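One structure below.
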Amino acid sequence: MEKEIITPATDGQNRRETYETLLPQLQSLIEDEDNTTGVLANVSALLHSTFGERFFWTGFYIVKGDELLLGPFQGTIACYRIKHGRGVCGTAWALGDTIIVDDVEKFPGHIACSSLSRSEIVVPVFNVAGETVAVLDIDSRELAAFDEDDRWGLEQVCQLLQHLF
């Protein structure tokens, strides 16, 4: 059965309202689906299309050993591998916590996969045992593009993915 997704317009809505509209649609899209790659691809696509120009790069890195490996994404080319504790993604993985970076050039050890990236948010994805198994990485061309509403909404998105791991 095909599931219809209505991408919410962000014009006139605050970010929290946009996430509140998006979350039930996302849950409907991924419920009862165990195709991890497909789900992560659709989540990336839905987030990327919903937030338009503000989300320059939207995707996942998957934990494998002591590295994050590039997973499904939307945007320009990206780094294939990121070591544990390196860059924003590796640091979020090591800390097991969301990181918002207003200016990536001021983040010590930032890994520049694209010179167009100016700010970033990285959210860990946990399995049912509470271990970080992936990260959701979103970059913007704008400085300070992400706020606490983004943190809240994207953490909710990542909680919906827990059943895959």
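Rule-based calculations on the coordinates, nothing more; no lab input. All values reported here derive from a predicted model rather than from experimental measurement. Positions of Cβ are backbone-derived with ideal geometry, glycine not excepted, and every protein chain shown enters the neighbour counts.
Tell me the relative contact order for the chain as a rounded percent, counting alpha carbon contacts under 8 Å between residues six or more apart. Reported relative contact order: 21 percent. Select from TRP93, TRP152, TRP57 the residue whose mean-square fluctuation is largest in a Gaussian network model of the chain (Cα-Cα springs shorter than 10 Å). Comparing TRP93, TRP152, TRP57 in a Gaussian network model of the chain, the most mobile one is TRP152.
For LEU116 and ASP34, the FRET efficiency from 1/(1 + (r/R0)^6), where r spans their Cβ atoms and R0 equals 22 Å, is about 0.05. Annotation: for a label point projected 7 angstrom from Cα along Cα→Cβ of LEU69, residues of the range 105-144 with backbone N closer than 15 Å are 133-135.
Averaging over all projection directions, find the projected area of the Cα convex hull of the range 20-84 and quote it in nm² with one decimal place. Could the numbers behind the result be given before it?
Working: hull surface 20.7 nm².
Over all viewing directions, the range 20-84 projects a mean Cα-hull area of 5.2 nm².
If a spin label sat at a point 7 angstrom from the Cα of ASN127 along the line to its beta carbon, the backbone N atoms of the range 61-93 nearer than 17 Å would be those of 61-69, 93.
Stretched out fully, how many nm does the piece from ASP103 to THR76 gain, at 0.36 nm a residue minus the Cα gap? List each step's numbers first, then the result.
Details: separation 27, 0.36 × 27 = 9.72 nm, distance 1.92 nm.
Net length gain for the segment: 7.8 nm.
Over the chain, dividing the summed -39,500 (n - 2.57) contributions of all DSSP H runs of at least 4 residues by the number of residues returns a 222 nm mean residue ellipticity of -10500 deg cm²/dmol. With viscosity set to 0.692 mPa s at 37 °C, what whole-number translational diffusion coefficient in µm²/s follows for the chain from Stokes-Einstein and a Kirkwood radius over Cα pairs? Diffusion coefficient, whole number: 208 µm²/s.
The alpha-carbon atoms of the range 73-165, seen along their principal axes, cover 35, 28, 23 angstrom, with the largest extent given first.
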